[in-house]
Amino acid sequence: MQLPRPPAESLGGAPRRGAGVRLNPAALERAIGESGAGVMVPRDLAPAIVLTLGAEQFLLGNTQDGGAPADSFTPVGVGRVRTVAPANPTVGTDWSIVVPAGVTWQLESVFARLTCSATVANRVPRLVIRDPQSVTWVFMPSNATLTASQAGDIQWLKASNDRQAPAGLLEWLVNLPPVFVPSGWTLLTITNALAAGDQWSSIKLMPREFPVG
């Protein structure tokens, strides 16, 4: 593949500021099957190349080494929807799951059932996303409140409207925003006033899984 030559002033050494951008060699090789080491292109051609190689939106960068920032990730393709069913947690604790290595998740659906003990308290669950350092980045409150001896089903569902089932049915639907969860990050519940005898069960996730380029 013949790429345009950079401006003459960028050929003899460090490029003039604003003159061009450097291709990410690894991303270029994945996209077109050719090495792009050391290739510079005029800045005004960068948008056209990004459109041509649209799946590699991180292909062009303004850093001199051409790399994407260390804290970024590039999902590849349209992904595939998986079903994941974590084991029930210990009684009296919330549940959690870590995204496997080499993939990024975008959540389509999360379902779980909370069975409450006879302890009098209002349990209010929320779904949380944390990084490997246990820093919370996203939390998704539910509209569910369960009290003593109740068992309720909570479904976080993408593109839904928050609602509760008709009276007498302990079922809640909660909108799930289209967030990405990178490899090594944790998806978990944090339940206000969770009692020692409370039990989470029937946990089912449907993530769209992307290999990370």
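For Ala193 and Thr115, the difference between the fully extended length at 0.36 nm per residue and the C-alpha to C-alpha distance is 26.8 nm. Our summary gives segment 80-211 a relative contact order of 47 percent, counting only alpha carbon pairs under 8 angstrom and 6 or more residues apart. Does segment 77-192 come out rounded, prolate or oblate, given a ≥ b ≥ c as the square roots of the eigenvalues of its C-alpha gyration tensor, rounded meaning a/c under 1.5 and, failing that, prolate meaning a/b above b/c? It is prolate, given that a/c is not under 1.5 and a/b is the larger ratio.
None of the figures in this text is laboratory data; all of them are computed from the coordinates on show. As the structure is a prediction and not an experimental result, all values here were calculated from the model.
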